[in-house]
Amino acid sequence: MAKVEIELGDLKDTCFVIMPFSSVFDSEYSSIIRPAIELAGLKCVRADEIYSKPQVTADIWKALRSSRMVIAELSGKNINVFYELGLAHALGKPAIIITRNEKDVPFDLKALRYLYYDINNPAWGDNLKSNLTEMIQSVLKETEYGTVFEGIAVTGINPYKQKESTPSKVVKNIQNIAGIWEGDMILEDDKYEIKIDLSQKGSEISGTMIVCYSTDKGMAIVQESMMGTIQDFFVMLQGVSYTFVKQGAANEYNLDALSGMLSKSASEISGDIIDEKTKGHFSLKKIA
């Protein structure tokens with residue numbers, strides 16, 4: 001009987017992330033998924049970070065073969081996501097599926113590990129991050145490589161029995177942006193005054209943002225919990241929960257996602273507000 005054999009090659013302590021490429025999911029990736037993977041002790045790899053256009057499929061295949069597991073974001077039923085997940089499944093890679101819409105998970109994939117998150121829950125970001133880290137750690141405790149389809153034999157090192165030596169890490173100069181920042185957000189014709197108190201641990205940042213804006217019934221004030229990262233001079237901040245300090249005429253508030261650059265003097269941050277429906281920008285100055 002004919003059999004297909006797949007040589008895994010050099011296995012690495014990486015997690016391959018399969019997800020749509022859009023501003024909404026970019027924010028989820030940088031502030032939630034990647035930190036969750038790194039907290040579990042793995043390096044995060046996403047397709048657009050490793051491939052060159054002429055050899056997209058070859059680069060994805062190579063990264064999948066060498067990864068210990070995959071995380072797949074199925075929200076929106078993206079065709080490329082399903083294709084890459086199919087490759088991972090054929091390899092027998094442990095997979096964690098995440099989605100903000102349970103109807104986006106086909107019936108024949110519901111038997112795999114999958115995690116539903118509700119973006120209407122103000123704490124969805126914190127919950128997704130902690131649940132993901134816990135599930136990844138659970139996968140890494142498994143002693144078997146995984147199941148494969150009949151007729152496919154995966155050969156090579158068992159990643160759960162032999163772990164590669166950790167190469168020495170190159171220490172990068174991480175800018176320190178901890179402190180109090182003040183400025184504004186402009187979204188269409190609306191202006192929001194903002195003040196952020198940031199703390200930092202390595203490349204991870206977190207803090208509280210106070211947002212003030214006018215409504216028909218006076219000023220509304222929102223307190224928003226933020227999470228994010230800084231890489232070189234690039235800053236990403238994502239709101240994960242909020243509460244009204246003063247409600248005015250506001251009934252609800254959309255969590256903010258900010259993507260910007262730190263000035264060379266490390267005293268200003270400016271950039272775009274990530275929003276699918278409207279365009280906006282923000283600017284901040286460090287005051288303490």
Q: Considering each residue of the stretch 188-215, count those that are surrounded by 14 or more Cβ atoms within 10 Å (Cβ to Cβ) and either outside the structural domain of residue 271 (by TED's automatic domain parsing) or outside any strand (DSSP E or B) (or both), and give that number.
A: 1
Q.
Can you list the strands (runs of 3 or more DSSP E) lying wholly within the stretch 216-288 that have 2 or more residues being under 17 Å from residue 193 (Cβ atoms) and among the hydrophobic types (A, V, I, L, M, F, W, C)?
A. 218-231, 234-246, 268-273, 280-286
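Would you pick out the residues in the stretch 10-29 that are of a type in the set (A, V, I, L, M, F, W, C) and either closer than 24 Å to residue 241 by Cα or not assigned by TED's automatic domain parsing to the domain that holds residue 64 (or both)?
Matches in the stretch 10-29: 19, 21, 24, 25.
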Q: Filter the stretch 221-271 down to residues that are among the charged types (D, E, K, R) and within 16 Å of residue 180 (Cα to Cα) and give me whichever is surrounded by the most Cβ atoms within 10 Å (Cβ to Cβ).
A: 224
Q. Residue 127 fails exactly one of the following numbered conditions: (1) in the same structural domain as residue 70 (by TED's automatic domain parsing); (2) in contact with a helix residue (DSSP H, G or I) (Cβ under 9 Å, 6 or more places away or on another chain); (3) at pLDDT 85 or above; (4) of a type outside the set (Lys, Arg). What is the number of that condition?
A. (2)
Q. Could you count how many residues in the stretch 182-208 are farther than 19 Å from residue 242 by Cβ and without any contact (Cβ under 8 Å) to a residue 60 or more places away in the chain?
A. 5
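When you scan the stretch 1-75 for strands (runs of 3 or more DSSP E) that lie fully inside it, which ones turn up with 2 or more residues that are in contact with a Gly (Cβ under 9 Å, 6 or more places away or on another chain) and modelled with pLDDT under 85?
It comes to 4-7.
The values are calculated or read from the model by the stated rules, or taken from the named source; none is laboratory data. Since the structure is predicted, the reported quantities are computational estimates derived from the model, not experimental observations. Glycine gets a Cβ as well: all are built from the backbone with ideal geometry, and neighbour counts include every protein chain shown.
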